[in-house]
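Written out below as structure tokens is the structure these notes cover.
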Amino acid sequence: MVINIENILSEISEDTHLNVDILNDFLKIKSISTIPEYANECMKAAEWLKNYLTEINLDTIIYESEGHPIVYSEYKSQKAASKTLLFYGHYDVQPVDPISLWNSDPFEPTIAEIDGEKCIVARGASDDKGQLLTFLIALKYFFKNYGELPFSLKIILEGEEECGSKTLPIFLKDYEDKLSADIAYVCDTGMWNKNTPAITRSLRGLLSEEVEIIGPNRDLHSGEYGGVAWNPIRLLSEIISKIYSADGKVMIPGFYDGVSEVQENVKTSWSQLEFNETDYLNKIGQITSSGENDRTIFEKTWSRPTFEINGIYGGYTDEGTKTVIPSSASAKITCRLVGKQDPKKILDNIHSFMKSNVPEGIKVNFKGSDYCKAIEFNTDSEFFSVSSEAIKEEWGKAPVYTGGGGSIPVVEVFKTQLNMDTVLVGFALDDDRIHSPNEKYNLSSYIGGIRTWARIFSKFA
């Protein structure tokens, strides 16, 4: 199969208005997955996608379970040696509150100029409707021009990414024998800036827990028992103070087991990024950064683990004074994990650490944990190389291999359940205001994204 990529790229650019209209039509669907009243809208979005995929020549079904439906589509190449790609995206969006802060109706897409760039403003424009359509629309041009794809393809588009993906594990179990592929592609990440593309090479894992320290068997009068009864808030505060060293390291035993150093070539590429640490910190009202003193901002957010206290409560918190020694105090904690850290071992070590730092007779309860492992990918693999080459051709510079500070649970599922690596290619920008009022997606990201996927597809011919 010989691909004339320049013809396809020319068509994509000429069809800008048509492809913007397609996105606008999709964005009008109020597919808010977290609010039950919008269940019909989520089904409407799934049907819209099914119709689009069917029209461009892909066998497509809507998979229904207890939650919002999943759209599944597949295509089998006639060439025995062709690769098989799996693409994942999500059609559900966040709620729009506070509606008063939107400059226009969040489900009536508008074109606006922001900082000199033309943008599509609507809920879901960047997260993830605009992103997933860059992939799907690129497919259209291959079918239109050649009647086939140079690879086999499986597509999973879910409607619960914003509310826990409860249906996805059921679907993956039911369809596991059909989902084998050479690589997964996910378009739910971003560029370094509007001129610098990126591929996300790693995602930190996540561990959460809630701890409760129980002292007296009831709240006590501080005049009668002060200085005698153990105060759980004090004990919890003392435990927390022992978690961090003076140089910012986490002191839980074994916490850094499985944490490896970043490849030097990756660190070198990070050092060459346009970045002002002072401006970065000032934007969040900070002058200095916490964490490990001997690490850069990029290392801290992309390649190092964290231990955070997300909430702490106990005792009397209303107005005025109430002279009590509370019977209990609690804290919610999360850890971002990297490399080969074992969440179960870290959780056991956290439990042991906290239990060993309370006096005899004081109870420590744990209210339930959840976790997913970190993911790192080999950027020397064929699929990273092919994607990087195509991205460089479109954007005029090689993509930066960034790290993801957060987690995308489906990527871990692809690795652990389907034994499949993922290439995370996205075109969102930091100022796209995802999950916030006036969410937007630059037209340059949208059209450039379609063109980029077309270039990637052509590499498999």
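Along each principal axis, taking the top coordinate minus the bottom one, the Cα set of the stretch 77-122 gives 55, 27, 16 Å in descending order.
In the chain, Cα pairs under 8 Å separated by at least six residues give a relative contact order of 26 percent. Calculated on C-alpha atoms, the gyration radius of the chain divided by its Kirkwood radius gives an Rg/Rh of 1.02. Under 16 Å of direct C-alpha separation, and excluding same-chain neighbours fewer than eight residues apart, Lys397 reaches these lysines: Lys194. Of Ile156, Asn195, Tyr175, which is farthest on the positive side of the dipole of the stretch 133-204, counting Cα position, with +1 on Lys and Arg Cβ, -1 on Asp and Glu Cβ, and the Cα centre as origin? Positive-end residue among those listed: Asn195.
According to the Kirkwood relation over distinct C-alpha pairs, the hydrodynamic radius of the stretch 100-139 is 11.2 Å. Computed packing ranks the peptides 218-225, 350-357 as 350-357, 218-225, most packed first, by mean other Cβ atoms within 10 Å. When Lys340, Lys415 are arranged by Cβ crowding within 10 Å, least crowded first, meaning fewest neighbours, the order is Lys340, Lys415. Round to the nearest 10 and give me the degree value, 0 to 90, for the angle of helix 343-355's Cα axis relative to the longest principal axis of the chain. For helix 343-355, the angle is close to 20 degrees.
The C-alpha radius of gyration of the stretch 300-383, expressed as a fraction of 2.2 N^0.38 Å, stands at 1.55. Here the dipole of the chain is about 860 debye; that uses its Cα centre as origin and unit charges on the Cβ of Lys and Arg (positive) and Asp and Glu (negative).
When peptides 1-8, 395-402, 422-429 are ranked by their average number of other Cβ atoms within 10 Å per residue, the highest-first order is 422-429, 395-402, 1-8. Over all alpha-carbon pairs in the stretch 75-179, figure out the percentage whose distance exceeds 22 Å. Pairs farther apart than 22 Å: 50 percent.
Residues of the stretch 167-189 with an amide N closer than 18 Å to a point placed 7 Å from the Cα of Ser269 along the Cα-to-Cβ direction: 184-189. With R₀ fixed at 45 Å, the C-beta to C-beta distance from Asn51 to Ser245 puts the FRET efficiency at about 0.20. Among beta bridges from DSSP that stay inside the chain, the antiparallel ones total about 70%. In order along the stretch 448-453, phi translates into HN-Hα couplings of x, x, 4, 5, 5, 4 Hz, rounded to whole numbers, per the Karplus curve 6.51 cos²θ - 1.76 cosθ + 1.60 with θ = phi - 60° and x for Gly and Pro. For Phe87, the residues whose modelled amide H falls within less than 5 Å of its own, excluding neighbours fewer than 5 places apart on the same chain, are Lys154, Ile155, Ile156, Tyr185. Here the peptides 444-455, 153-164 are ranked by packing, the mean other Cβ count within 10 Å, and the order with the highest first is 444-455, 153-164. In the stretch 205-268, inverting the average of 1/r over every pair of distinct C-alpha atoms gives 15.8 Å as the Kirkwood radius. With respect to the chain, whose longest principal axis is taken over its alpha-carbon atoms, helix 232-241 is tilted by about 60°. Coupling constants for the stretch 127-139 follow from the phi torsions by the Karplus curve (6.51 cos²θ - 1.76 cosθ + 1.60, θ = phi - 60°), and in residue order they are 10, 9, 5, x, 5, 5, 5, 4, 6, 5, 6, 4, 4 Hz; glycine and proline get x.
Counting neighbouring Cβ atoms within 10 Å and putting the fewest first, the residues Asp188, Asp182 line up as Asp182, Asp188. For the stretch 153-281, the orientation-averaged shadow of the C-alpha convex hull comes to 16.2 nm² (one quarter of the hull surface).
Look at the alpha carbon pairs under 8 Å that are at least 6 residues apart: their mean separation over the length of the stretch 57-131 gives a relative contact order of 21 percent.
Taking every alpha-carbon pair under 8 Å whose residues sit at least 6 apart, the stretch 132-224 reaches a relative contact order of 17 percent. Full extension of the chain between Asp279 and Lys178 yields a length gain of 31.5 nm, computed as 0.36 nm times the residue separation minus the alpha carbon distance.
Computed from Cα atoms, the angle from the helix 409-418 axis to the main principal axis of the chain rounds to 70 degrees.
Counting every other Cβ atom within 10 Å of each residue's Cβ, Lys332, Lys249 order from fewest to most as Lys332, Lys249. Remark: the stretch 190-206, residue by residue, has Karplus-estimated 3J(HN,Hα) of x, 8, 5, 8, 5, 10, 10, x, 8, 10, 7, 8, 7, 10, 6, x, 9 Hz, where x stands for each Gly or Pro and the curve is 6.51 cos²θ - 1.76 cosθ + 1.60 at θ = phi - 60°. Beyond 27 Å, the tail of the calculated P(r) for the stretch 1-157 holds 29 percent of the Cα pairs.
Every number here is computed from the coordinates shown, using simple stated rules; none is lab data. The shown structure was predicted, so the numbers you read here are calculated from the model rather than taken from an experiment. Using ideal geometry, Cβ is built from the backbone for each residue, glycine included, and neighbour counts are taken over all protein chains shown.
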